1. Quick check on this structure: which one of 98, 80 is at pLDDT 80 or above, more than 26 Å from residue 369 (Cα to Cα), part of a helix (DSSP H, G or I) and under 29 Å from the mean Cα position of the chain (by Cα)?
2. From the list 209, 239, exactly one residue is open to solvent by less than 70 Å² (accessible area, probe 1.4 Å), modelled with pLDDT of 80 or more and farther than 30 Å from residue 373 by Cβ. Which is it?
3. Which of the following residues is of a type in the set (A, V, I, L, M) and more than 30 Å from residue 231 (Cα to Cα): 459, 445, 383?
4. Can you tell which of 377, 401, 382 is assigned to a loop (DSSP other than H, G, I, E, B) and of a type in the set (Gly, Ala, Ser)?
5. Can you run down the residue pairs with Cβ atoms below 6 Å, 6 or more apart or on separate chains, where the first is in the range 227-240 and within 25 Å of residue 459 (Cα to Cα) and the partner is assigned to a helix (DSSP H, G or I)?
6. Output the residue which, of all residues in the range 434-448 that are assigned to a helix (DSSP H, G or I) and farther than 20 Å from residue 244 by Cα, is modelled with the lowest pLDDT.
7. Restricting attention to the range 511-525, does a residue exist that is hydroxyl-bearing (Ser, Thr, Tyr) and either in contact with a helix residue (DSSP H, G or I) (Cβ under 6 Å, 6 or more places away or on another chain) or open to solvent by 60 Å² or more (accessible area, probe 1.4 Å) (or both)?
8. Would you confirm whether or not the range 471-480 contains a residue that is open to solvent by 40 Å² or more (accessible area, probe 1.4 Å) and out of contact with any Gly (no Cβ under 8 Å at 6 or more places or on another chain)?
Amino acid sequence: MTRERSGLDNSWIRGGSTLLVLNCLLLLPSWILHGFPGPHLFALEAGIVAGLFLLVPRRRWTGWAAGVAGASVVVLFLLLLADTAARMSLARPLNLYLDLQLVSAVANLLDGNLGQGWGVVILSALGAAGLGVTLLLARVLPRLAPPPQPADRRSRWWLPGAALLAVSVLLIPLRWVHPTGVAFALPATRLVQEQSTHLSRMLVERERFAVEMASAPEGYRPGPGFLNRLGGRDVILAFIESYGISAVRDPRYAPILQPRLEAMEAAVETQGLHLATGLLEAPSQGGMSWLGHGSVLSGLWLDNQLRYDLLMASERPTLVDDFEAAGYRTAAIMPAITLAWPEGERLGYDEVWAFKDIGYAGPPLNWVTMPDQFTWSFMQHSVRRAQDDGRPIFVELGLISSHAPWTPILDVIPEWDRIGDGGEFQRWAEAGEAPEELWRDSDRVREHYARSVAYAVDVLSSYAQRYLDDGALIIALGDHQPAPLITGEEASRAVPVHVLAASPTLLEPFLEWGFAPGAVPPEDSEVRRMDAFRHWFVAAFSEPAPLVAQQ
């Protein structure tokens with residue numbers, strides 16, 4: 001009797017310990033997202049798994065079942081962790097159908113923030129840890145199963161497993177009735193259901209997007225008045241990294257940024273320049289900047305990677321083609337592109353300047369390959385003024401100083417002539433905190449975010465004061481809002497759009513479209529999606545309105 005009672009006690013101890021491990025694996029991602037203890041304390045799937053192994057007597061196949069169960073729990077944990085990362089960084093849930101191809105991008109981001117090679121090291125370490133936990137569970141779970149017992153003792157061995165399994169199963173209806181109001185959760189079940197929903201939606205996305213492309217205006221038949229309201233001026237379309245409306249209106253950031261915007265407004269007015277500001281809604285948040293770039297250029301709403309890939313695989317013309325049809329030379333300056341970029345060739349730019357093409361001699365600044373002021377200077381001297389055929393130029397400019405990790409924060413160099421090949425930025429090579437130190441304090445991270453956007457605005461203002469004349473139009477806009485860590489969970493996806501020109505006539509179409517004079521968008525500004533920009537712009541700056549080409 002004593003031995004039997006001891007066996008029962010050991011079963012409860014082993015079962016409780018294993019249940020704790022399983023529960024932590026399944027709920028840790030939620031605790032990271034919501035903070036401990038978060039909305040849930042107990043994962044019912046953990047109770048079901050532990051209860052089943054406590055209940056079923058040990059057999060030859062028990063080890064194999066434990067291996068499969070352990071591997072399944074670890075895979076679910078890693079996917080739940082990826083889901084948490086997606087929600088925290090991109091403000092959306094994980095979508096396996098689309099996001100598996102982003103693993104390399106995550107590795108590159110880690111390399112940029114922590115140093116070359118760290119991305120592979122961290123992802124490899126995560127995989128090794130997952131393998132280790134799988135082997136541990138494969139060893140522990142079979143020991144929960146009771147060994148074969150004589151008939152007179154067998155009835156007592158099923159008590160711990162039966163109790164745990166019954167409680168876990170009986171609590172499931174309560175979870176469905178109160179999905180966020182009780183301590184119980186079904187994280188693995190929710191994940192599987194969400195991924196099934198994403199898969200079903202993505203399987204019909206191709207057809208849906210094809211219908212949208214067929215119904216949307218494809219391109220134009222350029223006539224004598226095509227984009228003639230530009231008067232042959234250069235057009236600079238500059239995307240400012242992570243510049244969202246929260247930087248302007250959120251009370252945590254407005255005291256830092258609004259004075260910079262007001263200073264820009266006053267400075268350009270002193271120079272006899274004109275400035276108007278509006279809002280556009282970006283298709284992504286926290287990352288995947290190319291979705292915003294593609295939406296502006298194509299006139300199509302690219303809110304996921306599949307749509308972007310389908311656009312790239314099509315021959316559909318974009319704003320780049322519109323400018324070429326109007327007699328413009330076209331160029332893209334993308335200092336963040338460090339690998340092959342076939343999209344640049346697909347979009348048809350006459351010139352593509354990626355990191356390796358730019359010849360920057362200054363230091364890298366964590367993830368940021370080169371500061372915005374150098375990018376503006378390179379554009380002005382090596383691209384915009386390098387034309388030799390008399391054609392105006394359309395430039396898409398990727399500005400990245402306001403990309404995480406937001407350290408170091410630079411000052412604007414007043415003497416633009418000193419910038420040269422970028423060696424002048426060597427003074428900031430060891431400046432600022434290391435990202436791993438800064439990111440221990442979320443409040444200071446937010447402060448550095450606001451200061452980095454302020455730097456981007458200051459550089460824009462300084463460039464306009466120094467170089468903007470009647471020969472150019474600048475359209476500077478955010479590519480997306482930053483991650484929910486910065487904006488909060490329910491923030492708008494709107495981004496500011498600043499338009500600067502020496503001629504007030506260039507701003508008239510924007511004002512008619514709802515933009516307002518000055519650098520700060522009014523509270524009641526209408527927010528249109530980024531895909532509205534291309535067709536509006538071509539129509540607004542062509543006289544008469546251009547004919548739509550045949551589909």
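The values are calculated or read from the model by the stated rules, or taken from the named source; none is laboratory data. These numbers were taken from a predicted model, which means no experiment stands behind them. Neighbour counts are summed over all protein chains in view; Cβ atoms, including those assigned to glycine, are modelled from backbone coordinates with ideal geometry. Calculation scope for accessible area: heavy atoms of the full protein, side chains included, ligands and nucleic acids excluded. Shrake-Rupley method; radii C 1.70, N 1.55, O 1.52, S 1.80 Å.
1. Values: 98 fails: at pLDDT 80 or above.
Result: 80 is the single residue among 98, 80 that is at pLDDT 80 or above, more than 26 Å from residue 369 (Cα to Cα), part of a helix (DSSP H, G or I) and under 29 Å from the mean Cα position of the chain (by Cα).
2. Details: 239 fails: farther than 30 Å from residue 373 by Cβ.
The conditions single out 209.
3. Details: 459 fails: more than 30 Å from residue 231 (Cα to Cα); 383 fails: more than 30 Å from residue 231 (Cα to Cα).
That would be 445, the only listed residue that is of a type in the set (A, V, I, L, M) and more than 30 Å from residue 231 (Cα to Cα).
4. Numbers: 377 fails: assigned to a loop (DSSP other than H, G, I, E, B); 382 fails: assigned to a loop (DSSP other than H, G, I, E, B).
On inspection, the qualifying residue turns out to be 401.
5. 240/456
6. Let us first name the residues in the range 434-448 that are assigned to a helix (DSSP H, G or I), namely 435-438, 442-448.
Cutting the leftovers down to farther than 20 Å from residue 244 by Cα gives us 435-438.
On the way: 435: 85, 436: 82, 437: 86, 438: 88.
Looking at residues that are assigned to a helix (DSSP H, G or I) and farther than 20 Å from residue 244 by Cα, I get 436.
7. Keep residues of the range 511-525 that are hydroxyl-bearing (Ser, Thr, Tyr), which gives 525.
Okay, now just the ones that are also either in contact with a helix residue (DSSP H, G or I) (Cβ under 6 Å, 6 or more places away or on another chain) or open to solvent by 60 Å² or more (accessible area, probe 1.4 Å) (or both), so none.
No, every residue in the range 511-525 fails to be hydroxyl-bearing (Ser, Thr, Tyr) and either in contact with a helix residue (DSSP H, G or I) (Cβ under 6 Å, 6 or more places away or on another chain) or open to solvent by 60 Å² or more (accessible area, probe 1.4 Å) (or both).
8. Initially, the range 471-480 is screened for residues open to solvent by 40 Å² or more (accessible area, probe 1.4 Å), giving none.
Among the residues of the range 471-480, not one is open to solvent by 40 Å² or more (accessible area, probe 1.4 Å) and out of contact with any Gly (no Cβ under 8 Å at 6 or more places or on another chain), which makes the answer no.
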